[in-house]
Every structure is written in structure tokens, then in C-alpha cells.
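In what follows, a single structure is set out as C-alpha cells and then discussed.
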Amino acid sequence: MSREVILKVRDLDVEFDTYGGVVHAVRGVNFDVTKGKTMAIVGESGCGKSVTVQSILGLIPMPPGRVTRGSAILEGEEILGVSRAKLNSIRGRRIGMIFQDPMTSLNPTMTIGKQICETLKVHYGVSHSEGMKRAVDLLDQTKIPEAKKRSNQYPFEFSGGMLQRAMISMALACRPQILVADEPTTALDVTIQEQILELLKELEKQETMSLILITHDLGVVARMADDVSVMYAGLIVESGSVDDIYYRPSHPYTMGLRAAMPSNREGYKRRLEPIEGSPPDLFHPPKGCGYFARCPYAMNVCRDHPPRNYKSNGHESLCWLHEAGANKVDGEEFHYLDRL
Amino acid sequence: MIETRNLKKYFYVDRDRVVHAVDGISLTIHENEIVGFVGESGSGKSTFGKALIGLWDKTDGEVWFEGEKLPQKYSPEDFRTYSKKMQMIFQDPYSSLNPRMTVKDIIGEGLKLHGMASGSDLTERVAEWLRKVGLAPDHMSRYPHEFSGGQRQRIGIARAMIVEPKFVVCDEPISALDVSVQAQVINLMDDLKKQMGLTLLFIAHDLSMVRYVSDRMAVMYLGSMIELGPADQVYFHSKHPYTQLLVASNPEPDPKYERERKHVPIHGEIPSPINVQPGCRFFGRCPKAMEKCRNNDPQWLRVGQDHFVACHLYSS
């Protein structure tokens, strides 16, 4: 199987100036996106997952935000810190994005069709009537019933699930190579979530598009992802294939997340194991490992020394436990407890 | 212990349009039991919880609590009487705490109103509850904005529990929280249930969590209860086509399982609850719909030990 890396992000640092001081929201993130595959970034609120992708697309307000270090290479071409004009030719056309809340991400005073048409006009310079025609086709592709009629309606006339489909149509308008979906189904019911996820899977295949999926839902990740990056306190603490992360986790945070969730096995209820404490204060990022204070396996070295990236169980993990001579922790064993 | 008989709550949009938010629900909740309520947004699960404890006036039907029929519409005195026995924990830990009150005032208000404690006794009781929910007594003089979402949810729990109610409605108590914090809150409620012999109605849309927490589980669709039974029965051996699709839509945190299972998204969206037509409410979306489903309301049928379903597929 050939794995062609389409987007390569290295050492990304993002900071924000606030009244309370400088927040180090992203602190050296690395990840690769493979062509035609789904890469999921998972993490809890405030871990920096949205900021990571938004900074790559130049979507964070600067100031107060600033990218202090790092590179993002899209098919051999640096896209961090390029001119606005250059950025505009990448955004939408090569990397599309859909957001968590479709209601507030669309213009309430414009019909859905016109909003899609506008994208086409800007990027391809098509005429209005041609653009509207393509908009209807796109709405049809995302399985919006009566696409022609719907294209003349306003966002308030759409339900949440339909709006998310309209957003996907708009993001697909220029056939991007990468689609970034930031919590695309968090605001939706499970039944509608299932429809949207199925649609995204289909489109990914049809268009050989890569998907960057940002979510906090481990169920959605299991359903969608090929590769997973687990993010905590501004860092990717573990990354690997979806099976690596679920069945052979090697970072205590990943193990903790899984243990905190109920398993769906009939007649079986183990007590949930919460992760005690809360994430570190990113105004003053810890000197050592960000997970130190909550980690059940913490060692002395973790307090003051940031962990190195280790290869363990065939994938990468940012944890001192994988240093030769450290305590051995077997993630595999306790995860199989929950297998269906 | 608490029983609803054909409970209805309608909202009137205008003269011709009526929202049938809760349309005839009969349910008995036993002592020291957790009943989970699941359903899509707009299915009426929160309205049911609120009508049950009197936060909404009932349009029709009855609620009985410990052998006593509760009033159709609560007067201020009724609230005083019943809020000592029945409490609610709200979904949004941000908007359900008064930002201008200190934690002590928020948690202690119930005790004060019911004349259960005052002065140093009140302070002591609040401190005790703060400890019980995993906060520190010196948090007492702080304001809600100084706490994280999970901590606020615990303040909401302490506020409801301090009057030692017998019955508590939890309306999506964990949906606003991160995974690691959800587990903390769930374990806390589990412990309190055991210690205090609580009875709970647990409303949520997270199926896995509801199955985990509940003894029995009910599924709601468009104002009606369509399935009720022991939580594992309803989840793993669902009878109603809607429940089956709901469970099949729930992504499991297990990639191999997800790759192998067939994904059949449920067709369409939940219809408007305004002026609901007769017949099965799931008719338009049901993959197994039959001609008789169109016009006839399905009966409440027993399909197993304590397992009930409202579906024509199971009528002989």
C-alpha cells in the first residue's frame, strides 16, 4: 500500500496574547496527512486541536494569535506564512473546511445556492447562472432532497443536519484535496450524525480526498479514521493507525480516555475510571510532561524533562515510559477487557 | 414510587398549531431505580422531565408521587412542598447557576428556604456537600465563573442533593462535559444513589452512557414512549425499528467492530411535533412500515420480562 503524504506539519507553535498573559496553545505539533485517508485529531476541549488546523489555514486572528515556529508543507510547498493572495488560492480550492456549528458559519442573509455559487465565482470565475447550476448539483451530491428548491432557500429554513450537508457542498465546490472537518457532528443527533459520517466516507472515496477530522468523540474516530493523533495540552502525545491507538495504546492519556468511557458489552459494567485533575495551565506550560500531574504512572523524570518521542508498539508516543529501563505499562492488556 | 398516567404537555403556537411535546406517557419508576430516557432532540424527553416535577404545568394526565396525586399546576406553596422531595439537575452548568451568587448561597439556598438549617449549621452542611462532590470547603465564597464546567456541574449536583430529595431528574447532566470529566460525574451520581437510596430519571442522548447508568431504559420519539425495558435488553435486543436504528447509529469506540458492521443510516429527520397525525409516529421513516401503521396507533405490547414496545410488528 502506497502512502503518499499530502500535508506534512512540523514543529508548529502557536501563541495568543491575552490580558492574562501569553497562552501557549500549540507547542510543537507534528503530523502527516496521507492522500485519500482520514486523519483524526482527538482531544478534550482546550487542548489546541482546532487552533492547530486553523493556524495552518491562516484562520486565527493575528494579532492576538501568532505562529511562532513550524512549517506546513502541502505537496512540497510551504503554506505557513505565505501571502494573503497565495493563502486565498489554497483555502477553499485545495483545502476545504467545515465547522462545528453550521448555523453560525453561513451567511443568514444569502440563499444557500448563492453562497455556494460565490465560492465558484471567486475561484473559477464562472458566470452566475453556471455557478447556480453547479450549486444545485453539489447540493444533490450531498443528498439534499429537492436540491433545486433548496438552493433558493435561506439557512434558517434548513435543519441542522441539512445545513451541515450544505456546508459540505460548499467545501466540495472546488474539489479540495483535503477537507478539514472541525467537530462536524457534535451539534447533531446520533441518527443525523450517522448520515453525515456516511456521506463524508463516500465523498472521501469518490473524490480521493483526504479528511482531517477534529473531534473529541472516540466512537466517531473508530468509525471514521485511518490514522489518529491524540492531542493533550498543545501537543500530540500519541499518533499511529486507528488500531494502534485503540488496541495498543502506549501513552497513559490515551489509556485514561478509554478507561473513562463505558464499554458496550452486554451484562457487563465496570466502574468508569475518570482522569482526576484537570489539564495544565497553558499560560505557564509545565517544564516536563503536560500530563505529569494526572498520570498514574508518573516518574520523577516526567516532572522536569519534556518527554522524547518514542516508537512503541509500531507507533509514536511522547512518553518517558518508553525509555529503556522505565516502568513497564501494558496498555494492550487492559484495553482488551472492553472488546465486544 | 413515582408514576405518570397518560401525562401530556402541549404547547400552543397559535390557535391552529399545537406542539405535542409529550403525548400521553405512562411510566412507573420504582424506589432506588435509575430510569434512562433517550431520544433525539425534539422528542420531548426534557419536557417530560420538567412536567414530571412540576416545572411545566401538565396539559393532561396525572403524576402520582408516594401515593399522592400531584397538582396539575403548582402554586408557590406546592413548589415549596415538593422541591424538598424532588429536585432537578440541569444540562448547562453555565446558565443554571446564578452568576451573582456565591457557591455557598447557591448550594445553601434550598436549606434556607425549607428552614432545614441556618447560620453555622448551614455553613457546615454546605461544606460537607462540597466535600462529597469532590470540591473543597474553601470554594464556598467563590462565584460560579471561577469554576470549570465539570466543577460547576458538581455545584449543581450539590445544590439538588443537599435537601436530600427522594427523586431527582437529571436532564443531560453530562453532555456539556469532556469524556474524562463525565466519568467523574457519573461515578459521583452512582455513589450518591447508593448512599442515599435515590431514585433517578436520567435524560440524555448518549446511548452508551444511558445504558451504562440505567436500570431500565426508555426510548422516546416525537412525544411518545416507544420502547421500555431493562437497559441491556433495550440496547442489545431492541425490538422497535427506531431503537434498532438508534443503536446502530451509535458509534462504538472499537475500530474493528466499526469496520465490520453494516452502516445503514436512518432515513430522513424527525418530523415536526406540530399537529401530529394519527398512526405510528415513526411511520414515515420506518424501514419496516406496513399499511396498518399509517392510521392506527400502535398498542403498548409486552415482548419480554419487563420489556415493552409500541409497534405493530409485534401485535398478533
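Of the residues making up segment B:95-112, those that are in contact with a helix residue (DSSP H, G or I) (Cβ under 7 Å, 6 or more places away or on another chain) and in contact (Cβ under 8 Å) with a residue 24 or more places away in the chain are B:S96, B:L97, B:N98, B:P99, B:V103, B:K104, B:I106, B:I107, B:G108, B:G110, B:L111.
Screening segment A:206-224 for residues that are open to solvent by 10 Å² or more (accessible area, probe 1.4 Å) and touching a residue at least 24 places away in the same chain (Cβ under 8 Å) and picking the one that is nearest to A:L172 (Cα to Cα) gives A:E207. Against the conditions (1) surrounded by 14 or more Cβ atoms within 10 Å (Cβ to Cβ); (2) at pLDDT 90 or above; (3) over 28 Å from A:E202 (Cβ atoms), A:I6 satisfies every one except (3). Scanning segment A:154-180 for residues that are within 14 Å of another protein chain (Cβ to nearest Cβ) and free of Cβ contacts under 8 Å to residues at least 40 places away in the same chain yields A:E157, A:S159, A:G161, A:M162, A:R165. Only one entry in B:L192, B:L188 is open to solvent by 10 Å² or more (accessible area, probe 1.4 Å) and of a type in the set (A, V, I, L, M, F, W, C), namely B:L188.
Taking the criterion of being within 16 Å of the chain's Cα centre (by Cα), within 12 Å of chain B (Cβ to nearest Cβ) and of a type in the set (A, V, I, L, M), the residues of segment A:236-260 that qualify are A:V242, A:I245.
In this structure, does A:S45 turn out to be hydroxyl-bearing (S, T, Y), farther than 29 Å from A:R258 by Cβ and in contact (Cβ under 8 Å) with a residue 60 or more places away in the chain? The answer is no for A:S45. Looking at segment B:90-103, can you tell me whether even one residue there is open to solvent by 30 Å² or more (accessible area, probe 1.4 Å), outside the structural domain of B:I34 (by TED's automatic domain parsing), not in a loop (DSSP other than H, G, I, E, B) and not hydrophobic (A, V, I, L, M, F, W, C)? Scanning segment B:90-103, I find no residue that is open to solvent by 30 Å² or more (accessible area, probe 1.4 Å), outside the structural domain of B:I34 (by TED's automatic domain parsing), not in a loop (DSSP other than H, G, I, E, B) and not hydrophobic (A, V, I, L, M, F, W, C), so the answer is no. Looking across segment B:239-251, just one residue is open to solvent by less than 30 Å² (accessible area, probe 1.4 Å) and without any contact (Cβ under 8 Å) to a residue 12 or more places away in the chain, and that is B:P251. Looking at segment B:207-237 only, could you name the residues that are open to solvent by less than 10 Å² (accessible area, probe 1.4 Å), away from every other protein chain (no Cβ under 14 Å) and charged (D, E, K, R)? Within segment B:207-237, B:E227 is the sole residue that qualifies.
Note on segment B:17-59: among residues that are basic (K, R) and assigned to a helix (DSSP H, G or I), the one that is surrounded by the most Cβ atoms within 10 Å (Cβ to Cβ) is B:K45.
Just need a number here: residues in segment B:125-175 that are within 24 Å of the chain's Cα centre (by Cα) and outside any helix (DSSP H, G or I). Residues that pass the stated criteria total 17.
Against the condition charged (D, E, K, R), part of a loop (DSSP other than H, G, I, E, B) and within 12 Å of another protein chain (Cβ to nearest Cβ), how does A:K287 come out, does it pass? Answer is no for this residue.
Residues checked against (1) in the same structural domain as B:D190 (by TED's automatic domain parsing); (2) within 20 Å of the chain's Cα centre (by Cα):
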position: B:V213; (1), (2): yes, yes
position: B:P230; (1), (2): yes, yes
position: B:V234; (1), (2): yes, yes
position: B:Y242; (1), (2): yes, yes
position: B:L245; (1), (2): yes, no
position: B:R285; (1), (2): no, no
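Condition first: under 21 Å from the mean Cα position of the chain (by Cα) and either surrounded by fewer than 18 Cβ atoms within 10 Å (Cβ to Cβ) or not aromatic (F, W, Y) (or both). Can you find one or more residues in segment A:121-140 that meet it? No; the residues of segment A:121-140 include none that is under 21 Å from the mean Cα position of the chain (by Cα) and either surrounded by fewer than 18 Cβ atoms within 10 Å (Cβ to Cβ) or not aromatic (F, W, Y) (or both).
Among the candidates B:A183, B:A204, the residue that is touching a Leu at 6+ places or on another chain (Cβ under 6 Å), within 14 Å of another protein chain (Cβ to nearest Cβ), open to solvent by less than 10 Å² (accessible area, probe 1.4 Å) and among the small types (G, A, S) is uniquely B:A183. Tell me which residues, restricted to segment A:34-60, are away from chain B (no Cβ under 14 Å), more than 28 Å from B:L177 (Cβ to Cβ) and not small (G, A, S). Passing the criteria: A:T34, A:K35, A:I56, A:L57.
The values are calculated or read from the model by the stated rules, or taken from the named source; none is laboratory data. Computed from a predicted model, the values in this text were never measured in an experiment. Every residue, glycine as well, gets a Cβ built from its backbone with ideal geometry; the counts of neighbours run over all protein chains shown. Only protein heavy atoms, including side chains, enter the accessible area calculation; ligands, DNA and RNA are left aside. Shrake-Rupley method; radii C 1.70, N 1.55, O 1.52, S 1.80 Å.
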